[in-house]
Structure formats: C-alpha cells, structure tokens
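Read-outs throughout are calculated quantities, based only on the coordinates presented, and are distinct from any laboratory measurement. What you see is a predicted model; the values in this text were computed from it and never measured. When we count neighbours, we look across all protein chains shown, and the Cβ atoms used for this are built from the backbone with ideal geometry, even at glycine.
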Amino acid sequence: MSKENGYSVDDIKVLEGLEAVRARPGMYIGSTGSRGLHHMLWEIVDNAVDEAANGFATEVSVTINKDNSATVEDNGRGIPVGIHEKLHVSGVEVVYTQLHAGGKFDNDSYGFSGGLHGVGASVVNALSEYVEVEVATAGKLYSMRFHSYADADGKIHSGVPEKPLTELGRTRRQGTKVTFMPDSRVFETVEFNSEIVAKRLRELAYLNKGVLFRFTDNRVKGDNKYREYKYDGGIVDFVTYLNGDKTPLYASPIYFSGTRSTEKGMIVCEIAIQHNDGYTESLFSYVNNIPTTEGGTHETGFKSAYTKVMNDYCRKIGALKEKDASLTGEDFREGITAVISLKMNSIQFEGQTKTRLGNTEARTAVESIVQEELMPILENLKNAELANAIADKALKANKAREAARRAKNMAREKSKLENAPLVGKLSSCTGRDPEQNELFIVEGDSAGGSAKQGRDRRFQAILPLRGKPLNVEKRRIEQVLENDECRSIITALGTGIGEDFELKNLKYNKVIILSDADQDGAHIRALLLTFFYRYTKELITSGHVYMGMPPLYKVQKGSEVRYAYDDAELAKITKGLKGYTLQRYKGLGEMNPEQLWETTLNPENRSLVRVNIDDAAYVEHLVTLLMGDKVANRKEYIMEHADFNKVDTFEDKVKID
Ligand code: 28G
C-alpha cells in the first residue's frame, strides 16, 4: 500500500499511531458502546464548531445517512490543503492521520478556540471503515478518502489514505465536509440515535449563539427528518427555555460576561440567570462546550461570589439590617436557573465521571467576573424590580428554613427516619448481600401482592406503592420526609437523601420501578424518577435505577405460552401462527404470581431498562414539563407520547438482562 500511493517514510510512524487507537479505543473515545459511537460524531462536530467559534463558519450541518454513516459539514475556511513543511503531505492528511499526543480520555488538555482543532479527527479515522473529506477553498474543490482494511494476515490497518488529496475542480462553496462510517469491527452498535444527536446539537446551538445547526436523519421518512437550531440569544435563550414551563420571577434573564487572562491563557466566561417560583436549584455549567455535570471550580467560584454580591446588595437596599446575619448561598439559589459557559485552555477534569472542572484559576476568574459585573446590573434602576424579586425570594427562603432551628428539626427527623421500623410495607429479601439484591417498587397493592408471591425471596425485595407518590417538584425537603411513600422508599434504600446521600449504604444493587404500561403507570414512573433525580441523583448516575418492562401481550397456543414486550415482537411471534389466543395485558395486576415471575421478575427472561441521565439539562426540562405547574403542557406531552414506554426520557434503550 505504501508503494502504491507513494507514501513510505513518514507514514509508518503515523500508521502505528492510529493502530494504537484501534488497540485501545476506550482510551480515546471512552467506550465502544453507543456512547463511544456518538463520541466519534462529537469529535468531528467539535472541529466544525471550533471553526464557527473562531468566526469563520456560520453553519454546521449533520446528516445521518441511510447506511448509518454520518456527514458533517461547515462553511468555514476548509482544512488546509497545502503541503505540510515537515511531513510533506497535505494539511487534510495531517489532520486525519496524526494522532494528537495522548487520548482525550487519558489526558487533560482540551483546546479552546485558538486553532487546536483537528485533535480528534485522526481518532475518528482510526476507528472508521472509511472517511471521506471534501474541502472547498479558494474556488477549488478537493477530496481525500481514508479506509481501514484487513491484510492477508488478518492484521487491520487503520485510517490509511487511499491516495493523496486530489483536486476535483472549481466550486463556489467554501468549507469542510466529512463523511465517516464507524467500523462495526470496533463498535458494539453502529446505529446513531437521532434523539441524542438532536439534543446535543440543540445544546451546542445554545452555547454558540448565532450559529445555525442543521440536522437531517435520512433514515427517517416524512417531515420528521429535518430539524434546525439557531439561538441568537445564546445562553439567555437556554435559560428561558429551561424555565419555559415554570413561572419566572422577572421577565428576562440576567446576562453578563467577562474575560480574565491568567498564566495559562485567557478565560472567557458567560453567565445567564433567571429565578422561578419553585424551590429547586438548576445550575448548568459548561467548559469549552462540554457539560460539567459534577460541577467544579467554576461553579464554586460562581456560588461564592454570587452569595457575596447578593448579600452586599441586600444590605445596600436595607433588606438586611446591620445586625442581621447574612443569607446563605442556598437561600439565594432557591428557584434559580442558571447557565455558566466557560472557554479556557488546558482544562483539567476530575471526579468519578471526569465531568468536574479542576483548574483553580477558573474559580478566581469566575469569582472576579461575577463580583465586577453583577452589582452594576442589580443597582441599575431599570432592574429594580428584578433585584428586589431576587432579594425577596432569598429572604423568604431564609425565613422558611428558619435557619438553625429547622436544621435541628431536620436532623431529628432524619434520625427518626433512619431508625423507623418498616411499617409492614416492604417485603425484604432474605439474602444479605447488597451486590445481589434487588428492590422492586411496584405500582399498586394487587400487583405488589403478586410480586411478593412470585419473586425469588432470596434476593428480591418488593415495595408496593399505594396510589401516586408525592410530586416532589413543588415541595421542600421537610414535606418529602413527611410523605409516607417517600419515607418508605428512603428507608428501604438505606442511602439517605440530599446532602446526606451515601451511595455506599445502598442496600440494593438494582432499584427497579415496576409500573403499568399505561398513562397512570407513566405518571407514577415520572414521579418516582423525579424523586430519585432530586434527592438521590447519584443513584441514577451510578446506574442503579432500572425500569422493569412487563410484557404487553400473551400469546397462547395449546399449552405453549409466549410473551411479547412490544408490537414488533408480537408480529414476530404470531407470524404464520394459527389458532392462538391473544391477551393484551392492561396492567401488572392481571398477571398471576407465576406469570409475573416468568415475564418480569426472573433475571433469565425479563428485560430491564437502565435509567441514565445523559443530559442533565434535558432531564431537568422534562421533569419540569411533567411535574411543574403548567398542567396543560403536561397533558399535551403525555398525550403526544401515549406510548410512554418508548419515550427516551430518562432511559438508555439498552437491554440489560
Ligand atoms: C466538516 C467537518 C468538521 C475544520 C478547519 C480549518 C482550519 C483547520 C480545520 O486547520 C490545522 C492546526 C493548528 C492552525 C486553520 C484553515 C487555519 C487556516 C484552518 C472541520 C492549523 C487545522 N485555515 N476547519 N482545521 N491547524 N472543520 N469540520 O473539521 O494550527 S477543521
């Protein structure tokens, strides 16, 4: 291959580099599952977004093609087509074959708008069956193709140029277009999920104001295949959207930004804030467009400076008197919806999922930007209404908490809870190994009864729920603790909730929600997930929460019984089958204990869906949509998604068992 296309010397090293990616894909893209597959797409999209962030492109288009390959296009300058001085190959080839030092998942330097793009392109090339790159620049169109193939010995050569960059002719376009086919020898799945792609593109559109993102899914027929996202208000629009189903306390979000130069380079910070009349804190932070779900120094900096500025303001307007104690950060963040977006160099990620920012210079920079920018906004007479609404809300929050006394009460309440005998609801299992044990939270007493009889009591515990669990969205923690259904869940889990949550005390490896496949069941599921999301988030992020999938149909012919979990499966089972009876299950209660065991409880046959918070912003939105004030919205949503089992709201559609 080297001789054939005139490549030899320099390339050998390059190819070895790409083969290292093949050998350990996880190091470079995190995993070879659905996440890793999508990461490939994000790598290419990032390059296009960088080009836009640098001010050279205004549009980024993503297309999922019929054959599951993906095409990304931008209208930027185009990857350089000139010959590289030292490597003697085109810029395109350099970008797609030179492995940047270290993998993204084992080192900590991500670029920031400053020309680092191309970092992940070679990784994508290494893990693709083929990559086609088209560059339109200075009136000319160029193209180049790379492929991965197995040689006679079965050895795989990755990301090999088929021939050098070729000039195809004249064009009036400008920019870069890349099509790649993820290699099915690498990935467990090669099917892109259009909801995941759409969500991410929408998020990128909010984070990169004014850039038009187009998304086409050519696997879909009809008018559903095309969407576009463009937000001229950037993160202000993002906050408005997040508050969309809530009642904001003032008309439009507060927005400010600033830059600080540090020893390690520039830090650019943008912040948008708007309070609503609820009690929860929704803070979403990003660094270089990457969500920092676990927070970090930038969030710490924001919180401390925000609390200080707000207290100063309250004193200035006399809402706090000299003798009054300052309000806490939590008081000021009750009902807050805020987005923080940072751009900086050499970012360091820490934490369990490597989504916490570690750079200390980010804390100082954000603190100083908030201190400098926020006070003038509050003091501007045009904003008096807004500033007073925030002060008022915090004072109320503080009062409601009744500071020390409430804290004491709560401590007492909690220890009561921990020692509370179980009031006959939970049927615990006999095994004492949390690793093996499973907790089923079952809708309704009758299904609960069947589950109790049908389960394997050695490792399966059953907690039946009477009626609907509390909607925790609109409650303070004290009320949650007073609610019987919530209390029995908390007691059963053993972890505690909120700030006291301790994953190591979890008594069950799997917490499985079992509800009917109808609207009521969907509602109960949403209520429970909201509860877990608000008070035991780590339970979800660490992958312990599942949804049980009861079958929808029973097909019986003579003594042979088969179960179908969806319509497709039913069609498969009944194809060519004659003289059978079909029963549609309307609820779990219709199954007897044996059937329930066989279809829903038995790890050998059942199918579980793991609940996963991939996109906290989206879940937040959805939880609000389903739980918040605006009942009309909620109805609409549920009606639209009558097939709630399949809505990928919280779940990754992975079959676990
Ligand atoms: C469509 C799919 C994804 C891209 C560019 C533009 C330039 C570039 C890309 O340069 C080499 C290394 C660091 C500067 C830069 C063009 C400067 C001048 C570019 C993309 C040179 C990479 N003219 N557009 N890479 N850098 N779009 N979209 O990949 O020093 S990648």
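Structure above, values below:
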{"quantity": "Filter on Lys425/Lys586; Lys396/Lys425; Lys452/Lys510; Lys316/Lys396 - keep pairs with C-alpha separation over 26 Å", "calculated": "Lys396/Lys425"}
{"quantity": "Over 21 Å (Cα to Cα) - which of Lys66/Lys177; Lys507/Lys537; Lys246/Lys354 fall in this group", "calculated": "Lys246/Lys354"}
{"quantity": "Highest-first arrangement of 316-325, 276-285, where packing means the average Cβ count within 10 Å", "calculated": "276-285, 316-325"}
{"quantity": "Inter-site label distance for Asp312 and Asp518 at 7 Å from Cα along Cβ, in nm", "calculated": "5.9"}
{"quantity": "Cα-only radius of gyration and Dmax that characterise region 540-594, units Å", "calculated": "14.1, 47"}
{"quantity": "Rounded if a/c under 1.5, otherwise prolate or oblate - region 209-271, Cα gyration tensor axes", "calculated": "oblate"}
{"quantity": "Cut-off 20 Å (backbone N to label point 7 Å along Cα→Cβ of Thr360), residues of region 308-345", "calculated": "344-345"}
{"quantity": "Theoretical FRET efficiency, 1/(1+(r/R0)^6), r = Cβ-Cβ of Asp232 and Tyr279, R0 35 Å, to 0.05", "calculated": "0.65"}
{"quantity": "Fewest-first ranking of Arg476, Arg455, using other Cβ atoms within 10 Å as the exposure measure", "calculated": "Arg476, Arg455"}
{"quantity": "Pairwise FRET efficiency - Ala325 versus Lys221, Cβ, R0 = 60 Å, nearest 0.05", "calculated": "0.45"}
{"quantity": "Nearest-0.05 FRET efficiency for Asp151 and Gln436, computed from C-beta distance (R0 45 Å)", "calculated": "0.45"}
{"quantity": "For peptides 562-571, 164-173, sequence by mean Cβ density within 10 Å, most packed first", "calculated": "562-571, 164-173"}
{"quantity": "Gain on full stretching of the segment that runs from Asn605 to Ala138 - 0.36 nm per residue minus C-alpha separation", "calculated": "162.1 nm"}
{"quantity": "Per-peptide average of other Cβ atoms within 10 Å, ordering 66-75, 174-183 highest first", "calculated": "174-183, 66-75"}
{"quantity": "Residue order, fewest to most beta carbons within 10 Å, for Glu129, Glu270, Glu478", "calculated": "Glu478, Glu129, Glu270"}
{"quantity": "Local electrostatic count, Tyr306, Cβ distance below 14 Å [Lys/Arg +1, Asp/Glu -1]", "calculated": "-4"}
